Structure formats: structure tokens, C-alpha cells
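Colleague: First the structure, then my questions, so here it is.
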Amino acid sequence: MKQKTTWPARSDGSRFLSLPLSKIKGPKFPTRTSTHQIRFYDTRPSDGHDFSALPYDVLTKIAASFSLQNLRAASLVCKSWSEALKPLREAMLLLHWGKRFKHGHGGVRPNLDKALDSFLKGAARGSALAMVDAGLIYWELGQKDKAVALYRKAAELGDPAGQCNLAISFLQAEPPNLKEAVTWLYQASIAGHVRSQYQLALCLHQGQGVNCNIKDAARWYLKAAEGGYVRAMYNVSLCYSSGEGLVRSHQLARKWMKRAADRGHTKAQFEHGLALFSEGDMMKAVVYLELATRAGERAAAHVKNVILQRLSATSRDRVMLLADNWQALPSSR
Amino acid sequence: MSSVKKVTLKSSDGEIFEVEETVAMESQTIKGLIEDDCADNAIPLPNVTGHILSLVIQYCKEHTSSSDSNSSKSNEKLKAWDTQFINVDLNVLFDLIMAANYLNVKGLLDLTCQTVADMIKEKTPEQIRAMFNIVNDFTPEEEEEVRRENAWAFEISLKNNNVVDTFEVEESMAKELQTIKNMIEDNYTDSVIPLHNVTSDILELVIEDCKKHVEAAESESEPSYSLASKLIDDPLKA
């Protein structure tokens, strides 16, 4: 999926008011996906409002967390934009090299120092993506202050990953800075960052840094779940089955539990296995219970053994084969 | 409590605005002037019209009063307010960016830049130009150069020492040269790798040969050994 969200990327309501059709003179831009907004213009920029004359530092700020594709497109708009965005293009190259050094592919030996060096150079040229990657290395190396400083820079440039990492560093700080964490989680969540949405939901659920609000928490769990975040899927299922924050629905609870189970969530595999058992689907039930057992869920082992005793030897073998060949469906990290 | 301190701001077209000091200080520029004691009379803002200044003040007011609340409602409410606020035509958006930049109002600059960024994302250059009414001032050659520069990720330039003949080569080919491979891995910061011992003609031949080897390697596992390859690891002679 290109966009993981199924709702408007930045806010809940329609972002732009549509003008009555009679006022529209300018071109209409079709949306590519349902998540893009249609903006109707009654005027295009006129004299004295020359977007090609935006100051270079403003353009750098605008493009700071662009993907390579977007950066390329912006660079081809006009000469001044191309000139302004040159440092960011260089930063992309440095980001590319940094990733290679970090993971050691492309014929290059893994080298964390060189990776960090590349990322820092990219960060110096204004790339929010490079800032986040540099921060990640500093964090790994235990230099948390430096990591946080970089996350902050990226966050202030509007990069959702930077905002998420900054928020998490506040949550984990001694003592935790919950209010600021939540502020940043909001920004990233509204921008569609799935992990942030899950973290925000947790804060709302536990009343950390923000007033406890189960309904809003459930809403954000659901968004994160729809965005592919597995732990959110599990929590959504719990909300549906208990009626907490969401209208109670056994059917939706089962649906989300299965989704989480299929993506490797151990507890979900256990719960789903139990549910299948109670519905009489022995074979499927025991496969999920076996998966949960292998992942360390001890309670699953007991139930699993009870069912296995009822099965024939061939069925038992088949179950093991299915469990051996099982692969988790893709999900967002 | 003492009465609220106010400052007076004067727009480029002569409009006067009386604003609470705390609100005005959302602008780092104005804050600096106040702290330097230059704010006793009206502060002239020659780069901002009255219309735009009133919008900026509106933004600052909304954002000073909301800094304390702790409920999820207020965070989301503020975001909704921002969304509504920034729903303006592109002329106004442009003026707001320039004003936010000049007055150094961080939140407003972030908001306006993010808005423009979202408008640019996932669009082709033609669509971006159409949207912002920007003229394409590239010549076809210049445009081609930018496109090629953008393909740099897999290219590095090899430069002869005496004559500046740069050859842009695909990285996989350059790696055929062990020497260069090591240079890349150790010190990639130079985008142009100078080769002191090699003249252009020889370099051209070597590159041609590398090309063939890479193509051969792609079609079979063992590249065939040839005379040219033997030269690669020896010091190249002119």
C-alpha cells in the first residue's frame, strides 16, 4: 500500500472546504487515492506572490522530510528551486551511503562509524531523514542526549518519524516528560504515523500526559490497527470484546484478533486458538496454539496438549507441518 | 494584577494594531525589539500588509492562550483550528510564509511550510508548476542535467589529473577496479575521484572493458578474464 491510512492524512474532517462550483476558474486536481484531498482554487497565485522566489532556507524547510521521489520532482520545477534543494539532494546521497554502511550491503562492509558520519553530514544539509537515522545510531551507542537533539531537529521540521522517536525518548526519560511526549505524538499521529498513533492511544488509555479518555484511545488504536500495527490490532480486539471505547461487537473482536494472530502476535494467537477451539474448529485451533506455545505462551501449551490428545497421529503430524510452514503476514513496525 | 502590557504594530499600508505583549512575542523578531527597548512607539513592519498582519496576530493569539491545556480535546481542537486557519488561497498562503519568516513566528512558519509540503508531495513537476503558477525556466539541456544529476546515486565521476575529463560511470563498473573500490569504501566524500596515473585514453579503454565485464557478470556467474583485467590491479602506465 502506498498510503497506509484509510482516512484523511492530516485531520479527521475534510481538510479543505469546497467552493460552490460556479466560483471555480482554476484547474481541478484529481485525487490519486482516497486519502488525498481535493483543493479547489478560485485563483492561482498572482503577481507579487511568486512561489519560485521563496527564500532558499524556506524551501529547504519545506522539503526537509521529502522522499527522494518528491525531492526530484520539486527540483525539476524551476531553476531557483533546483538550486535551493541542491544540499538536500546531496543529503540524499549521504543518506544512501549511510544506510549501506549501517547494514553492510551494496558491496560495503558494515561500519557504524562511517554510517553515523554520513548521516550527520546529511543532517547538516537539512535532511530530516538523515537526522532521524543519525539519532538512531547515537541512541544505539548510548549517547541519548545527542540522539534526542537530532530527533528534536527532525521533529521540528515536521518529520513524523522524528516526532515519534522524540516522544518515545520523553516517555522513557527519567523522569518522564509525558506532556511533551503527547504533544509530539499528536502531531505525528495526525500526519498518519502508525506507531505514533499506537503510542498516543496507550497514553490516552493510561491517562499519561493527557486526561484518560478510553473512547479517543480506542479510536487511535483502530487507526493504528488499520495502518497495519499489530499490537494495536490486538488492543482493538479487546476493546470490541469488552465494549470499552468501542461499541461491543463479538464479530469485530474476532476479526481483529485473527488479524493480529496472522501477523505473529503471540497472545492473539493464543486467544484466537481458544476461540477456534470453542467454535469446534480443532485443527485450526491447535495450529494457532502451537504457534503461541513456540513463542513462549505457556498457558497455550496446556490447552494445546488437551486438544492434541484427541487427535489422531496423522492429524498431529499435519498440525506440526502447518505450524512449521507458517509465515507471518506483513505488518507495519 | 497590573494591566496587561500592550505593543503597537504598524503594517506596511499604515494599519495600526494594538496587541498584548505576550501575544506579540510569539514573533521572535518583535520579541527582540521589545527586549532591546525599541518598542515604545509603534513598531513599523514594512514587509507585512495589514490584512496579513491581522491573520498573523490571530494565529499568535490562538496559540498563546492554548499553551497550557492538558486534554486531548485541546490538542485536537488546536489542530482543527490550524487546519481551518490555513485554508486560504495561495496568494495569502505565500504572504503568510513570507510574514512568518520575516517575523520569525516559528509555529506559523512550520504550519505554512507543512501545508506547502503536503501540496507538493506525490505530484509531478508539471503539476507543481501549474498549481503554484511557476514558469519552467529550464532549457531542455539544463533540465536534462538536473535529471542526470538526480541519478547520481549510482554514479561517481573519475577524473584525469591533468585534463579535466570526467567520466561518469556506474558504480558497479567502477567497483571492478579494486583500487577504486577501496577508495570508495574508505573515503567516498569526494564526488570526483582523481586518478593521477591514468590518462584519458587509457581510462576510456579501461571503462569500456569494465562495462563488458559487468554485463558479462550479469549474465553469468564467472566473468571472463582478459588482458585488460590484468592491468587493473597493476599500477596503470600512461
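Colleague: Looking at the range A:65-108 only, could you name the residues that are among the aromatic types (Phe, Trp, Tyr) and touching a residue at least 24 places away in the same chain (Cβ under 8 Å)?
Modeller: Start the filter on the range A:65-108 by keeping residues that are among the aromatic types (Phe, Trp, Tyr), which leaves A:66, A:81, A:97, A:101.
Residue satisfying the conditions is A:Trp81 alone.
Colleague: The conditions are (1) crowded, with 20+ Cβ neighbours inside 10 Å; (2) of a type in the set (Asp, Glu); (3) touching a Phe, Trp or Tyr at 6+ places or on another chain (Cβ under 7 Å), and B:Asp95 fails exactly one of them. Which is it?
Modeller: (3) is the only condition that B:Asp95 fails.
Colleague: Among the listed residues A:Ser80, A:Ser75, A:Ser46, which satisfies the condition of being among the hydroxyl-bearing types (Ser, Thr, Tyr) and more than 25 Å from B:Glu145 (Cα to Cα)?
Modeller: On the way: A:Ser80 fails: more than 25 Å from B:Glu145 (Cα to Cα); A:Ser75 fails: more than 25 Å from B:Glu145 (Cα to Cα).
Exactly one of A:Ser80, A:Ser75, A:Ser46 is among the hydroxyl-bearing types (Ser, Thr, Tyr) and more than 25 Å from B:Glu145 (Cα to Cα), namely A:Ser46.
Colleague: Examine the range B:47-56 for a residue that is under 20 Å from A:Ala53 (Cβ atoms), of a type in the set (S, T, N, Q), within 11 Å of another protein chain (Cβ to nearest Cβ) and in contact with a Pro (Cβ under 7 Å, 6 or more places away or on another chain), and state whether such a residue exists.
Modeller: So far as the range B:47-56 goes, no, none of its residues is under 20 Å from A:Ala53 (Cβ atoms), of a type in the set (S, T, N, Q), within 11 Å of another protein chain (Cβ to nearest Cβ) and in contact with a Pro (Cβ under 7 Å, 6 or more places away or on another chain).
Colleague: Right, something else. Got at least one residue in the range A:123-132 being in contact (Cβ under 8 Å) with a residue 40 or more places away in the chain, in a helix (DSSP H, G or I) and small (Gly, Ala, Ser)?
Modeller: Yes, because at least one residue in the range A:123-132 is in contact (Cβ under 8 Å) with a residue 40 or more places away in the chain, in a helix (DSSP H, G or I) and small (Gly, Ala, Ser).
Colleague: Looking at the structure I just gave you, is B:Asn75 at the interface with chain A (Cβ under 9 Å from one of its Cβ atoms), under 16 Å from A:His49 (Cα atoms) and either touching a Pro at 6+ places or on another chain (Cβ under 9 Å) or modelled with pLDDT under 95 (or both)?
Modeller: On the way: at the interface with chain A (Cβ under 9 Å from one of its Cβ atoms): yes; under 16 Å from A:His49 (Cα atoms): no; either touching a Pro at 6+ places or on another chain (Cβ under 9 Å) or modelled with pLDDT under 95 (or both): yes.
In short, no.
Colleague: May I pose another question? Which residues, counting only those in the range A:202-225, are buried (at least 16 other Cβ atoms within 10 Å of the Cβ) and among the small types (Gly, Ala, Ser)?
Modeller: Within the range A:202-225, A:Gly209, A:Ala217, A:Ala218, A:Ala224, A:Ala225 qualify.
Colleague: Then there is this: So, in the range A:46-91, how many residues would count as being within 9 Å of chain B (Cβ to nearest Cβ), in a helix (DSSP H, G or I) and of a type in the set (Phe, Trp, Tyr)?
Modeller: Final tally of qualifying residues: 2.
Colleague: Continuing with this model, one more query. Provide a single number: the residues in the range A:51-64 that are within 30 Å of the chain's Cα centre (by Cα) and in contact (Cβ under 8 Å) with a residue 24 or more places away in the chain.
Modeller: Going residue by residue through the range A:51-64, those that are within 30 Å of the chain's Cα centre (by Cα) are A:57-64.
Now restrict to residues that are in contact (Cβ under 8 Å) with a residue 24 or more places away in the chain: A:59-61, A:63-64.
Looking only at that region, the number is 5.
Colleague: Kindly provide the set of residues from the range B:1-56 that are assigned to a strand (DSSP E or B), farther than 21 Å from B:Leu96 by Cβ and among the basic types (Lys, Arg), ordered by number.
Modeller: Listed by number, the list holds a single entry, B:Lys6.
Colleague: Which residue, of A:Lys114, A:Lys86, is within 23 Å of B:Met131 (Cα to Cα), at pLDDT below 95 and over 26 Å from the mean Cα position of the chain (by Cα)? Full working, then the answer.
Modeller: Working: A:Lys114 fails: within 23 Å of B:Met131 (Cα to Cα).
From the options A:Lys114, A:Lys86, the qualifying one is A:Lys86.
Colleague: Counting only residues that are part of a loop (DSSP other than H, G, I, E, B) and of a type in the set (S, T, N, Q), which one in the range A:312-333 is farthest from A:Cys164 (Cα to Cα)?
Modeller: Applying the first criterion (part of a loop (DSSP other than H, G, I, E, B)) to the range A:312-333 yields A:312, A:326-331, A:333.
If we keep only those that are of a type in the set (S, T, N, Q) too, we end up with A:312, A:327, A:331.
Numbers: A:Ser312: 50, A:Gln327: 29, A:Ser331: 18 Å.
The residue in question is A:Ser312.
Colleague: Evaluate the range B:19-27: report whether one residue or more is among the acidic types (Asp, Glu), surrounded by fewer than 17 Cβ atoms within 10 Å (Cβ to Cβ) and modelled with pLDDT of 90 or more. So that I can check it myself, show each step before the final result.
Modeller: At the first step, the residues of the range B:19-27 found to be among the acidic types (Asp, Glu) are B:20-21, B:26.
In the following step, the residues that additionally are surrounded by fewer than 17 Cβ atoms within 10 Å (Cβ to Cβ) were identified as B:20-21.
Checking which are modelled with pLDDT of 90 or more leaves us with B:20-21.
Yes; the residues of the range B:19-27 include at least one that is among the acidic types (Asp, Glu), surrounded by fewer than 17 Cβ atoms within 10 Å (Cβ to Cβ) and modelled with pLDDT of 90 or more.
Okay, residues lined up against (1) of a type in the set (A, V, I, L, M); (2) under 13 Å from A:Ala268 (Cα atoms); (3) touching a residue at least 60 places away in the same chain (Cβ under 8 Å):
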position	(1), (2), (3)
A:Ser278	no, no, no
A:Asp281	no, no, no
A:Glu290	no, yes, no
A:Asn305	no, no, no
A:Leu311	yes, no, no
A:Val319	yes, no, no
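Colleague: In the range A:92-114, how many residues are more than 17 Å from A:Ser65 (Cα to Cα) and either more than 12 Å from chain B (Cβ to nearest Cβ) or among the charged types (D, E, K, R) (or both)?
Modeller: 8
Colleague: Look at A:Ser127 and say whether it is under 22 Å from the mean Cα position of the chain (by Cα) and not β-branched (Val, Ile, Thr). Steps first, answer last, please.
Modeller: Details: under 22 Å from the mean Cα position of the chain (by Cα): yes; not β-branched (Val, Ile, Thr): yes.
Yes: the conditions hold for A:Ser127.
Colleague: Which members of the range B:99-122 meet the condition of being polar (S, T, N, Q) and either within 7 Å of another protein chain (Cβ to nearest Cβ) or in contact with a strand residue (DSSP E or B) (Cβ under 7 Å, 6 or more places away or on another chain) (or both)? Even if it seems obvious, please write down each step before you answer.
Modeller: In the first step, residues of the range B:99-122 are kept if they are polar (S, T, N, Q); the result is B:101, B:104, B:112, B:114-115.
B:Asn101, B:Gln114 - these are the residues of the range B:99-122 that are polar (S, T, N, Q) and either within 7 Å of another protein chain (Cβ to nearest Cβ) or in contact with a strand residue (DSSP E or B) (Cβ under 7 Å, 6 or more places away or on another chain) (or both).
Colleague: What is the residue count in the range A:178-211 for residues that are part of a loop (DSSP other than H, G, I, E, B) and either of a type in the set (Asp, Glu) or within 13 Å of chain B (Cβ to nearest Cβ) (or both)?
Modeller: Here is the first cut: in the range A:178-211, the ones part of a loop (DSSP other than H, G, I, E, B) are A:191-193, A:207-211.
Checking the rest, the ones that are also either of a type in the set (Asp, Glu) or within 13 Å of chain B (Cβ to nearest Cβ) (or both) come to A:191-192, A:207-211.
Number of matching residues: 7.
The values are calculated or read from the model by the stated rules, or taken from the named source; none is laboratory data. Keep in mind that this is a model prediction, so the values were computed, not measured. Every residue, glycine among them, receives a Cβ derived from its backbone with ideal geometry; neighbour counts consider all protein chains shown.
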